[in-house]
1. With both bridge residues required to lie in the chain, what share of the DSSP beta bridges run antiparallel, to the nearest 5%?
2. Given the chain, what count of lysine pairs have C-alpha atoms under 27 Å apart, with each pair 8 or more places apart or on different chains?
3. How big is the dipole moment of the chain about its Cα centre under a simple scheme where the beta carbon of each Lys and Arg is +1, that of each Asp and Glu is -1, and everything else is neutral? Debye, nearest 20, please.
4. Could you estimate the translational diffusion coefficient of the stretch 175-243 from the Stokes-Einstein equation, with Rh from the Kirkwood formula over C-alpha pairs, at 20 °C and 1.002 mPa s, in whole µm²/s?
5. Taking Cα pairs under 8 Å and at least six residues apart, what relative contact order does the chain come out at, in percent?
6. So what does the Cα-only Debye profile of the chain read at q = 0.10, 0.12, 0.16 Å⁻¹, as log10 I(q)/I(0), no solvent term?
7. If you roll a 1.4 Å probe over the heavy atoms of the protein chains, what accessible area per residue do you get for the chain, in Å²?
8. For the chain, what % of the accessible area comes from carbon and sulfur atoms, probe 1.4 Å?
Amino acid sequence: EEGQDRGRAKQQDWEKVVRAALAAGKEVYVGLPRFWHPSEKRLVEERIELALGLGVRGVLIAGPAGWEAAQERLPGRSLVADYTFNLFNPASAAFLCQLGFAGLTLSPELNRRQLAALAPLNAVGAEVVVHGNFPLMTAAHCPVGANTPEGTCRRLCRAGGYYLKDRQGYEFPLACDRSCRFYLFNSRELCLLAELPGILSLRPFGLRLELRRAEAPEIARVVGTYRECLERLQRGDRSARWL
């Protein structure tokens, strides 16, 4: 019962944020997990229905399972493919458009030449991830629980921060969700402020800041910095220190 109460509180917080964003005139998309266990299908469907009942515009799809769920539950809704579809070239962009995606998130691994091959990016509703830290790996196996003396889950991931360190000393943060799925994040944060002039020349449909793990002060700082940079570029001012 205590766990159910916490779950309801989390849902109420989530609904509050969505309602506040919609009241401010913002477009809201609900993001689906990259994968889920068959036993969680009903929970995912309930979240989809709740989000649509609140009036969100569409859904951010992370993988084939999400696309299948959208075909069943979201006819006529706006679907956006997340970067996890590993969209690298015009052929894959055309294929996803044929599947009914109204927007595409390009792979963060694309270089300038590969981005140029897809230009103009707004023709396929493509957005470019320009800032943030996102999972390099997602798995059902939790290394934190596996390394306890008992080798079982004791919710230690909720007690503090953990990371994997490679041979060069770089630290890759770990995180676990409520279903004990494990996420490995990059050791370095992506920041493409200095590349914005070149990216904007490719006419992207949108720019994306991946800030889901950030606290409110950091979100305000990053969003404000990018907004100021874009405003300066629109005025033709490239004297900012980050350019």
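The values are calculated or read from the model by the stated rules, or taken from the named source; none is laboratory data. Predicted model, so just to flag it, every value in this text is computed and none were measured. Methodologically, a virtual Cβ is constructed for each residue, glycine included, from the backbone with ideal geometry; neighbour enumeration extends over all protein chains shown. SASA here: full protein model, heavy atoms, side chains in, ligands and nucleic acids out. Shrake-Rupley method; radii C 1.70, N 1.55, O 1.52, S 1.80 Å.
1. Numbers: 13 of 29 bridges.
Approximately 45 percent, going by the DSSP bridge assignments.
2. 4
3. Values: 33 positive and 27 negative charges, 83 e Å.
Using only the charged Cβ atoms, the result is roughly 400 debye.
4. Values: Rh = 14.2 Å.
Calculated translational D: 150 µm²/s.
5. It comes to 14 percent, rounded to a whole number.
6. Here log10 of I(q) over I(0) equals -0.58, -0.84, -1.44.
7. That works out to 61 Å² per residue.
8. Details: 7500 of 14770 Å².
C and S fraction of accessible area: 51 percent.
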